[in-house]
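Everything on this sheet refers to the single structure shown next.
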Amino acid sequence: MAQGQAARATREAVPPVSRVAIIGGGISGLTAAKQMAAYDPVVFEATPSVGGVWKHCVYRTTRLQTPRPDYEFSDYSWKNRDDPSFPTHTEIVDYLEGYADEFDLWRYISFGSKVVDIKFLGGAKSGFTELGSGTGKAPLRGKPMWEVGIVTGDSNTVQYYKFEFVVMCTGKYGDVPRMPVFPPGKGPEVFKGTVMHSLDYCKLSEEETVELMRGKKVVVVGYKKSAIDLANECAQANQGEGGQACTMLVRTLHWVVPSYSIWGLPFFLFYSTRFSQLFYERPNQGLFRSLLCRLMSPLRSGVSKFIESYLSWKLPLGKYGLTPDHPFVEDYASCQMAILPEGFFDMADRGLVRFKRASAGWCFSENGVVLDDGTKVDADIVFLATGFEGKDKLREVLPKPFRDLVVGKSSMMPLYRGTIHPLIPNMAFVGFVESVSNLHTSELRCRWLSGLLKGRFELPTVKAMMGHVAGEADAMRRTTRFYRRHCISTYSIHDSDGMCADLGSATLRKANWIAELFAPYNNKDYKEQ
């Protein structure tokens, strides 16, 4: 035991001036630390452990939505990677801790260090971008550009440390809950029962959750992964005598998937091969590809309908009025697709989960909630599975004028290569872009960022980067009505190609052209050469 603790010895002191700061110890923070190891980075993690949302923002039954072999670092495999099941959140945390062990990342991490303030030390023409005009200069030139304020433990004293470069890995989830807004007299203040955001529910033990929900009338607001998992746990707690049904308030319908097999075919065939992605819109594509995408519109629609037919046959969506009126591809292209927990609709068939459409809105009443059509739903507890405001975490610590640049016109963060904000110098953002495997998305971006810091390539001008970012937003807008989520799932291979090209490494990574076209791409294909 003593040997294990010694092997995980963490950073005891932070130098007053360092080269690279990494804020956050989740997946993105760990892979950033590995890629930036040459700079002896300082990783500030507010909690006592690594894992990010997988440690602090999950329920007891939460599982990954990606099969195990598709969710691993390129140079660190699962010990049981042949097991195709969806890992539990505890398995993922164990895997991340093993990754930190393998590459000796603990020595960079300062636990219990909460970032409360960041100050900019450069002028208007500092770093690799000049605000408004941009240059390709290397970002690390021996001059501190940011001062990071840290509070540790129960102290109220803010300690400041200077860095040349800061990597923000705080992520899109956790810490800041998204709360619905109500007119006066129609909010939680009028409700006699308990109102709890899913973030607070995550902090309860299994015994506390069962005790909280058992025998209670529960309403869960939402119909995405966290809401479905929460309703499933509520149903499990209320099985047997005295149990009450859980009611889900569904405002926007999305397609849900029971497994990664469609009519017996592996899911990757439809979206995760180079051939399948050839027919989907990608950012900044030329005239020829635009014409090709237009010609292939019937094929794209056919694939979507093929999947929809399976889901409508496999799941009782029509029975419960849960069939979306938009194509499946729109949910996939915006990373809105949710994998169902096992037996979820069995619970609904047994009357333990009910569904109420609240597309026009809802509000609180004294005894529960009221839909805009006048339908009343009695409740003892209302859970708000309404998501998080990850960008607000950035706004809280970034100084002006940078905090006002976090969100662009498209409501997404305007990030070049999903990493660099063209107007914020010497700072990167990792973990704010979604795909089928967010782990892969973060790992490759950290490798790309490391190449930038080492001078392996130069950034384009600010104008060129902003144009690239606008092209991504336009592509997503034309693909899905839910484009406000920065999701690259339908062009992920093209996205990876761009970063590999910047680094001067191969973009075609399969053994032959057949595999190149029809085999799925995963992290193992991107192992450093």
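Among the residues making up the stretch 494-504, those that are over 17 Å from the mean Cα position of the chain (by Cα) and open to solvent by 10 Å² or more (accessible area, probe 1.4 Å) are 494, 497, 498, 501, 502, 503, 504.
Within the stretch 259-284, the set of residues being of a type outside the set (D, E, K, R), open to solvent by 30 Å² or more (accessible area, probe 1.4 Å), part of a loop (DSSP other than H, G, I, E, B) and farther than 30 Å from residue 345 by Cβ comprises 278, 284. For the stretch 104-121, the candidate set comprises residues that are open to solvent by 60 Å² or more (accessible area, probe 1.4 Å) and closer than 23 Å to residue 38 by Cβ; within that set, the residue that is modelled with the lowest pLDDT is 121. Being surrounded by 15 or more Cβ atoms within 10 Å (Cβ to Cβ), among the charged types (D, E, K, R), in contact with a Lys or Arg (Cβ under 9 Å, 6 or more places away or on another chain) and more than 30 Å from residue 267 (Cβ to Cβ) is a condition met by no residue of the stretch 319-337. Given the structure, is residue 219 buried (at least 20 other Cβ atoms within 10 Å of the Cβ), touching a residue at least 40 places away in the same chain (Cβ under 8 Å) and touching a Phe, Trp or Tyr at 6+ places or on another chain (Cβ under 8 Å)? Answer is yes for this residue.
Is it true that residue 104 is more than 23 Å from residue 268 (Cα to Cα), of a type outside the set (Val, Ile, Thr) and assigned to a loop (DSSP other than H, G, I, E, B)? Yes: the conditions hold for residue 104.
Condition check ((1) of a type in the set (Val, Ile, Thr); (2) under 20 Å from residue 226 (Cβ atoms)) across all residues:
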| residue | (1), (2) |
| --- | --- |
| 14 | yes, no |
| 51 | no, yes |
| 68 | no, no |
| 78 | no, no |
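Any residue in the stretch 92-101 that is under 29 Å from residue 426 (Cβ atoms) and of a type in the set (Phe, Trp, Tyr)? Taking every residue of the stretch 92-101 in turn, at least one turns out to be under 29 Å from residue 426 (Cβ atoms) and of a type in the set (Phe, Trp, Tyr).
One residue is enough: does the stretch 251-271 have a residue meeting the conditions more than 29 Å from residue 514 (Cβ to Cβ), free of Cβ contacts under 8 Å to residues at least 60 places away in the same chain and charged (D, E, K, R)? Among the residues of the stretch 251-271, not one is more than 29 Å from residue 514 (Cβ to Cβ), free of Cβ contacts under 8 Å to residues at least 60 places away in the same chain and charged (D, E, K, R), which makes the answer no. I'm checking my understanding of the structure. Among residues of the stretch 285-297 that are touching a residue at least 12 places away in the same chain (Cβ under 8 Å) and assigned to a helix (DSSP H, G or I), which one is least open to solvent (accessible area, probe 1.4 Å)? Taking the candidates together, the pick is 293. One residue stands out in the stretch 8-56 among those that are open to solvent by less than 40 Å² (accessible area, probe 1.4 Å), in a strand (DSSP E or B) and out of contact with any Gly (no Cβ under 7 Å at 6 or more places or on another chain): the one that is nearest to residue 455 (Cα to Cα), namely 20. When the residues of the stretch 179-216 are filtered to those that are basic (Lys, Arg) and over 19 Å from residue 371 (Cβ atoms), the one that is modelled with the lowest pLDDT is 203. Checked against (1) open to solvent by less than 30 Å² (accessible area, probe 1.4 Å); (2) out of contact with any strand residue (DSSP E or B) (no Cβ under 6 Å at 6 or more places or on another chain); (3) in contact (Cβ under 8 Å) with a residue 40 or more places away in the chain, residue 363 passes all but a single condition, namely (2). Taken over the stretch 298-343, the criterion of being in a loop (DSSP other than H, G, I, E, B), in contact with a Ser or Thr (Cβ under 7 Å, 6 or more places away or on another chain) and hydrophobic (A, V, I, L, M, F, W, C) is satisfied by 317, 335.
The values are calculated or read from the model by the stated rules, or taken from the named source; none is laboratory data. It should be emphasised that the depicted structure is a prediction, and the values quoted were computed from it without experimental measurement. Quick reminder, even Gly has a Cβ in these numbers, built from the backbone with ideal geometry, and neighbours come from all protein chains shown. Each accessible area value is taken on the protein alone, full model and side chains, heavy atoms only, with ligands, DNA and RNA left out. Shrake-Rupley method; radii C 1.70, N 1.55, O 1.52, S 1.80 Å.
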